[in-house]
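Everything below concerns the one structure shown next.
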Amino acid sequence: MLRLEPRPQASKAMVYLSPLLALLLTLVSGFLIFMLLGVNAGEALYAFFIQPVSDSYGVSELLVKAVPLVLIGVGLAVGFRANVWNIGAEGQLAMGAVFAGGLAIWVPTDSGGWVLPLMMVLGVLGGMFWAAIPALLRTRYNANEILTSLMLSYVALLFLSYLVHGPWRDPDGFNFPESKLFDDFATLPLLLEGTRLHLGLLLTLVIVAGVWVMLARTLVGFQVRVVGASPRAAQFAGFRERALVWFALLLSGALAGLAGMIEVSGPIGQLVPQVSPGYGFTAIIVAFVGRLHPLGVTIAGVLLALSYLGGENLQIVMGLPQAVTGVFQGMLLFYLLACDVLIQYRVRVGRPRVAGGEL
Amino acid sequence: MSESVLMLQAVALTIIGAATPLLFAALGEMVTERSGVLNLGLEGMMLIGAVAAFAATVVSGNPYLGVLAGAAAGALVALLHGLLVLSLLANQVATGLAMTLFGVGLSALLGAGFVGTTITPLPTLAIPLLADVPLLGSLLFDHNALVYLSLLLVVGLSLFIYHTRAGLILRAVGESPSSAHALGYPVIRIRYLALIFGGAMAGVGGAYLSLVSTPMWSENMTAGRGWVALALVVFASWKPGRVLAGAYMFGGVTILQLHGQGMGVSIPSQFLSMLPYLATVVVLVLISRDSVKLRENRPASLGRVFRPSA
Amino acid sequence: MTTQDFTPRLQLQQVVKAFPGCLANDRVDLRVMPGEIHALLGENGAGKSTLVKMIFGLLRPDAGTLSWEGETVRVESPARARQLGIGMVFQHFSLFEALTVKENIALGMGNPPPMKELERQILAVEERYGLPLDPNRAVHSLSVGEKQRIEIVRCLLQNPRLLIMDEPTSVLTPQEADKLFVTLRQLRSEGCSILYISHKLDEVRQLCDAATILRGGRNVGTCVPAEETAASMAALMVGETIEVVESGVAVERGAVRLALRQVSRPAASALAVALDEISLEVHSGEIVGIAGVAGNGQAELLEALSGEWLCAADKVSLDGQGVGHLGPHKRRQRGLCFVPEERLGHGSVPEMSLHDNALLSGYSRQPFLRRGFVRQGAVKDFAREVIDRFDVRCSGFGAAAGSLSGGNLQKFIVGREVHQTPEVLVIAQPTWGVDAGAAAIIHRSLQALAAQGTAVLVVSQDLDELMLISHRIGAICGGRLSPLYQRNDLTIEEVGLLMTGTALETAGVMYAADHSRGDAHVAS
């Protein structure tokens, strides 16, 4: 019989081992799923995990997809630490894209270098605006932010869809639901010729470092951690929970909005009905797999970016549905949560041992 | 005259069609939450139920078997959820999100082969005699089996929760698992049962979507209904009768969306599609505003990890 | 008639129970005779609760035998225990606040009759044992004493032959305790055995026929309490001689440092108590004690004092300055430190290190911050000083707060505030669930702090503690505070009367009113 026995102190080693164990279990399960689907499992795993990054272009694509995931994930991680469950990042991303894209569409074609920085500001503001609604509803009316932020995601995506089907549709675009292509001054400069790798990567690294310092070294970061761990202790300390709810939602909204701006002014280059293949939701997994820690989130972001590339490649090479990506992502989070029990508990076999029973 | 009757009938069918899947999912979730477990994976369970029901119907040709398959699939996923949150003591919020993301992916993968396939939907069962009553007869007594079942479930759960010993134990477990454990009740087992019931009902709700509402399978076809059901449970203060009212109110909002354009309203379809989501937010705000009252109705241990200790 | 004529109702032999890292019961023997009130005595952590949980089927012993009326039995569940005829009244009630009295009682029975019949039976038992209670009331609306009555009625309905009571008087006023003893004696006369867990020696001597004493999980003796002195039993219970804390008498009282002026607060929920015009003053150098049964407004009062609940500025003042509108951080900066009742999750974050927990309340008054950044070195130094000064046993300042024993964590939390030498210290339940050694250290540190000029306000349910360290004492009942009396003018029974909301004057006792109240008004 298996039993869980609490550890006297949380295991530091398991904090780091658990994601690796989860990854291993995901691979094993993936192998079994591919076998059940009747394809060569070894080949499929190769096509999913290795082939997409076997050349330098593949690696650059990996980073392009990792940028929004890390950016959103690190913001969500701060929120999750404070027990603020923003799961509407997908909508905040869309609003960031709308705000930033709106400017790019609106400015005359002979505008200058000021457009891009202003788009960044607008992207951030768009995300913050959309995250401010659940923040207001929670702090003023006590409404659960999980449900409100998610519902607002649907609203934001519909709004974006309306814009590109309607007022913002490219008049010369053969009636496709797309905006015009952004001008050069509204597009992120590339870091490497021949790839889609853009300035957003550097921006992301700077932001990750900043959040890391904030969490580990400042009073605000400490407040975030205390509010998440025990809200009453935070009250006792005199930390204002409402202010922290606002902080966590605005920060994660800002970063999701920035990610939206980066997507439309970088890899996509215009507004389309679907600016993100679910980055806002996948970033939830990124945050957890990354242990809600900025460095971990960065690694996890790259890993989950690979799941997107892998899914696409699998469709091309073996004709499997792209939904495989979602299954792998879900399984990874699943196994991670299961393995995390080992941080606080250890598994024992059989009946409790008598400690010091002999004298 | 006959035109307005037809109109009325169309409206009623829209409401019932939108309300019934929500009613199943929300009633199941209400039972789950009464035991103290928060199942944020409802959306994923509905999707899995929808795809399983559709696939089983395609394979067997029998939509009733499809409903059973939907329930079983939902229950199975709920069991997995229970393994994490009840046996492995995982965070209920995080696990629920994982369930939903997993359900979206898995249902899309399983359903990939069924996109575009058609089935015979769940037939309507006119209740003899009653259905022949003019006007009301066809409104109330000419529906498919799941509609009747959902209404029976409301009555059954009201009786169960307030008038049976098992219902009392369920409430007690949700109120204070440690006290219930101290009195010798198997808290974890009871929570598993409540969670599995909730999963099965979410599966039936999903089955309704793929077997009746559309009837076909498409990726992500629940479009947030699982989350709406979660909000309904809060709105209903965990009471079966109010879940019914909430689900039908929500169905009413959907009429605007579906019939809005037909009635010649010149609002872009996207804005009409936003209505159910906005309505959910508004309802949630209205009900949550009174935090004292909310706390009194809410199962006290909702969402908290419980480990039967010494 | 001697007890040897009977088979023991309950007998434990060589019972062992281990938890990870701790041997809770080490070959414990216990024998309870029919119609006997048997005390199980011991300090906090002596293994009493573990032992009774095994008797009631909540825990399984690792070794040893349990016999019931001469037959060896295995009690694998509480249901089995109830079936044998064992009932238990828990220290922390296993009640469901949102349900009614009747529903709660039904839940505690293996096979309850229909609700109508059950209600009739409840009323019958209440009548017979003098335990008035409305079966249809929701539990959260009842007082603590009434809640205990539910548990007792629930047990009595099953006609138990052994009733286990875990620290039953810890939540009662002395007067309520006396009423309980009447009920218990009636049960004894009807042949029911009672296993009575306590660490209060006086009541054990008053009530119990025999006692088994545990220390560190082992038997250290049995005795007939009436034939012992409190001191001889205490020696067995505690083992080591504890330096006695001297009762604080004469003090050099200074100016008023903390004052509440007619603080009223509506009840925040059905579970909360309203505060009704609470006024009090605490002077520099004195320790004021507030007694009261749990749930009479202490939590609400403490929140008003700490700043977790805000009111008009002039309702609460520190050294003459209105601070009612300020939160905990700003009050701390102005000199008020606070120790809450709950150690874990309120006074500390269990999963965080001790130095992070030092930062938790220290950031307001200590030089821990520079431009929003935390000075880790300064925080760690402070944590180390607290650990050394208050003899906190732990693996270092990096240890998680939750990994410490209750006593050591309490020393750290009290030490964290005392070490900041505040102008005013408000402290709730300073030694709740703490072993005698740690309690002595905490009491002495409070006395030393007062001697340095701090005004100390202690809110506690432990009357012995309040009588020991306070200079003035009052009691809170139903959200109203009694006048404060000089400690030396009061007996413990009189404090008991105050706890029930009875004014001493109307009880026919005349007291010289506490003159300090008049003085204080002049001073402010």
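The values are calculated or read from the model by the stated rules, or taken from the named source; none is laboratory data. Nothing here was measured: the structure is a model prediction, and the numbers come from that model. All Cβ positions, glycine included, derive from the backbone under ideal geometry; neighbour counts span all protein chains shown.
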Fill in the blank from the handout: Matching residues in the range B:143-181 (of a type in the set (S, T, Y) and farther than 22 Å from C:A98 by Cβ) number 2
Handout entry: Flag for B:L97 being within 30 Å of A:S29 (Cα to Cα) and modelled with pLDDT under 90
Key = yes
Handout entry: A:Q344 under 16 Å from A:A47 (Cβ atoms) and more than 17 Å from the chain's Cα centre (by Cα)
Key = no
Handout entry: Scan of the range A:159-169 for residues that are touching a Leu at 6+ places or on another chain (Cβ under 9 Å) and either touching a residue at least 40 places away in the same chain (Cβ under 8 Å) or of a type in the set (S, T, Y) (or both), ordered by number
Key = A:L160, A:L163, A:V164, A:W168
Fill in the blank from the handout: Given (1) free of Cβ contacts under 8 Å to residues at least 24 places away in the same chain; (2) of a type in the set (A, V, I, L, M); (3) surrounded by fewer than 22 Cβ atoms within 10 Å (Cβ to Cβ), A:L147 misses just (3)
Handout entry: Out of C:V75, C:V144, C:V101, sole residue that is under 23 Å from C:S49 (Cβ atoms), under 26 Å from the mean Cα position of the chain (by Cα) and either surrounded by fewer than 22 Cβ atoms within 10 Å (Cβ to Cβ) or more than 10 Å from chain B (Cβ to nearest Cβ) (or both)
Key = C:V144
Problem - Residue satisfying condition, being of a type outside the set (V, I, T), more than 14 Å from chain A (Cβ to nearest Cβ), without any contact (Cβ under 8 Å) to a residue 40 or more places away in the chain and farther than 30 Å from B:A73 by Cα, within set B:L272, B:L278, B:L256 - result: B:L256
Practice task
Would you mind telling me which numbered condition in (1) touching a helix residue (DSSP H, G or I) at 6+ places or on another chain (Cβ under 7 Å); (2) more than 27 Å from C:M109 (Cβ to Cβ); (3) more than 14 Å from chain C (Cβ to nearest Cβ) B:S237 fails?
Solution key: (3)
Exercise for the section: For the range C:9-62, please list each of the strands (runs of 3 or more DSSP E) lying entirely inside it that holds at least 1 residues being of a type in the set (F, W, Y). Expected result: C:10-19
Problem - Filter result for C:A378 (hydrophobic (A, V, I, L, M, F, W, C) and under 27 Å from the mean Cα position of the chain (by Cα)) - result: no
Problem - Members of the range B:155-173 that are facing chain C (nearest Cβ under 10 Å) and more than 17 Å from B:G36 (Cα to Cα) - result: B:H163, B:R165
Practice task
Kindly indicate which of A:L136, A:L191, A:L122, A:L199 is more than 13 Å from every other protein chain (Cβ to nearest Cβ) and modelled with pLDDT of 95 or more.
Solution key: A:L122
Completion exercise
Inside the range A:268-281, the number of residues satisfying the requirement of being part of a helix (DSSP H, G or I) and touching a Pro at 6+ places or on another chain (Cβ under 9 Å) is 2
Practice task
Output the residue which, of all residues in the range A:255-286 that are aliphatic (A, V, I, L, M) and within 13 Å of the chain's Cα centre (by Cα), is surrounded by the most Cβ atoms within 10 Å (Cβ to Cβ).
Solution key: A:A256
Exercise for the section: Output the residues belonging to the range A:1-49 that are within 14 Å of chain C (Cβ to nearest Cβ) and part of a loop (DSSP other than H, G, I, E, B). Expected result: A:M1, A:R7, A:P8, A:Q9, A:A10, A:S11
Completion exercise
Of the candidates C:R120, C:R137, C:R128, C:R82, the one satisfying the condition of being in contact (Cβ under 8 Å) with a residue 40 or more places away in the chain and of a type in the set (K, R) is C:R82
Exercise for the section: Would you be able to say whether some residue in the range A:227-239 is away from chain B (no Cβ under 14 Å) and touching a residue at least 40 places away in the same chain (Cβ under 8 Å)? Expected result: yes
Practice task
Working carefully through the options C:V392, C:V379, C:V426, find the one that is within 23 Å of C:L359 (Cβ to Cβ) and out of contact with any Gly (no Cβ under 9 Å at 6 or more places or on another chain).
Solution key: C:V426
Problem - Among (1) touching a residue at least 60 places away in the same chain (Cβ under 8 Å); (2) buried (at least 22 other Cβ atoms within 10 Å of the Cβ); (3) within 14 Å of chain A (Cβ to nearest Cβ), the one test that B:L122 misses - result: (3)
Problem - Every residue from the range C:110-120 that is more than 9 Å from chain B (Cβ to nearest Cβ) and not in a helix (DSSP H, G or I) - result: C:N111, C:P113, C:P114
Exercise for the section: Tell me which of these A:V347 doesn't satisfy, since it passes every other one: (1) in contact with a helix residue (DSSP H, G or I) (Cβ under 7 Å, 6 or more places away or on another chain); (2) over 24 Å from B:N220 (Cβ atoms). Expected result: (1)
